[in-house]
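To start, the structure itself, in structure tokens.
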Amino acid sequence: MNKSASFPQTIEELRAGGKAAMARALAAIEHSPDDDRVITLLDQAWRHPHGHVLGLTGPPGVGKSTLISALIANWRKAGKTVGVIAVDPSSRKTGGALLGDRTRLVTDPEDEGIFIRSMAARSRLGGLAGLTAPAMTLMRAVYDIVLVETVGVGQSETDVASVADTVVFCIQPGSGDSLQFMKAGIMEIPHIMVVTKADTGAKAERAKADVSGALGLSDAGHDGWQVPVLKLSADSGEGLAELVTAVDNHAVWLRETGELDRSRREQGQSWLKDMVREKYGTEGLKKAGDRLVLEADQSPFRKGKELFRLL
Ligand code: GDP
């Protein structure tokens, strides 16, 4: 069997083919990333985005899986389709493959409107450019919401911003996280802050006050977007609707300010740099020079392939 011929060749085929088509397309970007048909598919997906991309990050145990399951249920009830990429930090160093549906999310496997994939943070540099960015691009062309989950272990906070439209940080009550993220200087990244496990009462209230205070002190800014600090319990459902609303509001804000296009173009630019750096090192970046600049409406995947031919 000609394996490479069996993946969807156009965005229409990808959209019409359900989860099986998405799985084959993801396999193709993993196994034949330089195949011209793969680049063409990615190129189309890049030009025809459909959904909103939510990045969700936080330390292990903060309640991400529980929250994501609750969010998925909420979105599915509202008739929205959802794609999830769970980035597996443990495979960061070893590199590796798509891991299949190895997440702890509880969903209905029969539901065609929800697609979940775990994925190694493969890039040598720790970036998500290797596999997550193209996978996200495909899913974004198909699903109403794409959720990228990363475990907050330092670098991953900045990583998630390189693929997401809206970044949500989860904070554990009573953990001192609020102070930690201040120190790390990653305050500018999140668009929404969420204190989880609100059912823990005073601890959650205090964490929320700490985070609000910390945000007030910094000049973390997104050119007019006020970062909301929310408190929710995925267990009881308290505060979940407020998070969904905050995400929607941010999506509207991004669109109305033109920030969405600007930020996605910037993401493409950073993936392109990562791809070149990964393949040809900083020497390659130097050699590529001005040719590294992505022109408007140009896909980083096509441009990357062009550059690889030259370098
Ligand atoms: P992750 O590692 O960030 O994905 O966190 P999990 O979703 O696996 O949750 C870690 C632990 O926190 C589990 O024992 C959950 O049952 C618990 N947990 C998650 N959400 C809540 C919540 O809203 N309230 C309380 N009290 N516990 C929660």
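The values are calculated or read from the model by the stated rules, or taken from the named source; none is laboratory data. Bear in mind the structure is a predicted one, so any value in this text is a computation, not a measurement. Quick reminder, even Gly has a Cβ in these numbers, built from the backbone with ideal geometry, and neighbours come from all protein chains shown. Protein only, heavy atoms only, side chains kept; ligands, DNA and RNA dropped before computing areas. Shrake-Rupley method; radii C 1.70, N 1.55, O 1.52, S 1.80 Å.
If the condition is being under 17 Å from Pro109 (Cβ atoms) and of a type in the set (Lys, Arg), then region 18-35 contributes only Lys19.
Take Ala120 and tell me if it is at pLDDT 85 or above, of a type in the set (A, V, I, L, M) and away from the ligand (no atom under 16 Å from the Cβ). I'd like the intermediate steps shown before the answer.
Details: at pLDDT 85 or above: no; of a type in the set (A, V, I, L, M): yes; away from the ligand (no atom under 16 Å from the Cβ): yes.
It is false that Ala120 is at pLDDT 85 or above, of a type in the set (A, V, I, L, M) and away from the ligand (no atom under 16 Å from the Cβ).
Among the residues of region 258-281, those identified as among the basic types (Lys, Arg), surrounded by fewer than 17 Cβ atoms within 10 Å (Cβ to Cβ) and within 24 Å of Asp223 (Cα to Cα) are Arg262, Arg265.
Within region 22-64, which residues are in contact with a strand residue (DSSP E or B) (Cβ under 8 Å, 6 or more places away or on another chain) and within 16 Å of the ligand (Cβ to nearest atom)? Within region 22-64, Leu54, Gly55, Leu56, Thr57, Gly58, Pro59, Pro60, Val62, Gly63, Lys64 meet the criteria.
In the list Gln172, Gln155, which residue meets the criterion of being modelled with pLDDT under 70 and either closer than 19 Å to Pro60 by Cβ or surrounded by fewer than 24 Cβ atoms within 10 Å (Cβ to Cβ) (or both)? Working first, answer last.
On the way: Gln172 fails: modelled with pLDDT under 70.
Going through Gln172, Gln155 in turn, the sole match is Gln155.
Determine whether Asp210 is in contact (Cβ under 8 Å) with a residue 12 or more places away in the chain and part of a helix (DSSP H, G or I). In short, yes.
Report whether or not Leu67 is modelled with pLDDT under 95, surrounded by 15 or more Cβ atoms within 10 Å (Cβ to Cβ), within 16 Å of the ligand (Cβ to nearest atom) and not small (Gly, Ala, Ser). Spelling it out, it is not the case that Leu67 is modelled with pLDDT under 95, surrounded by 15 or more Cβ atoms within 10 Å (Cβ to Cβ), within 16 Å of the ligand (Cβ to nearest atom) and not small (Gly, Ala, Ser). Looking across region 289-311 at every residue that is more than 19 Å from Arg37 (Cβ to Cβ) and without any contact (Cβ under 8 Å) to a residue 12 or more places away in the chain, the one that is most open to solvent (accessible area, probe 1.4 Å) is identified as Asp290.
To keep it simple, each residue is scored yes or no on (1) open to solvent by less than 20 Å² (accessible area, probe 1.4 Å); (2) modelled with pLDDT under 95; (3) within 16 Å of the ligand (Cβ to nearest atom); (4) touching a Gly at 6+ places or on another chain (Cβ under 8 Å).
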residue	(1), (2), (3), (4)
Ala198	yes, no, yes, yes
Ala207	yes, yes, yes, yes
Gly224	no, yes, no, no
Leu232	yes, no, yes, yes
Gly239	yes, no, yes, no
Val247	yes, no, no, no
Glu283	no, yes, no, no
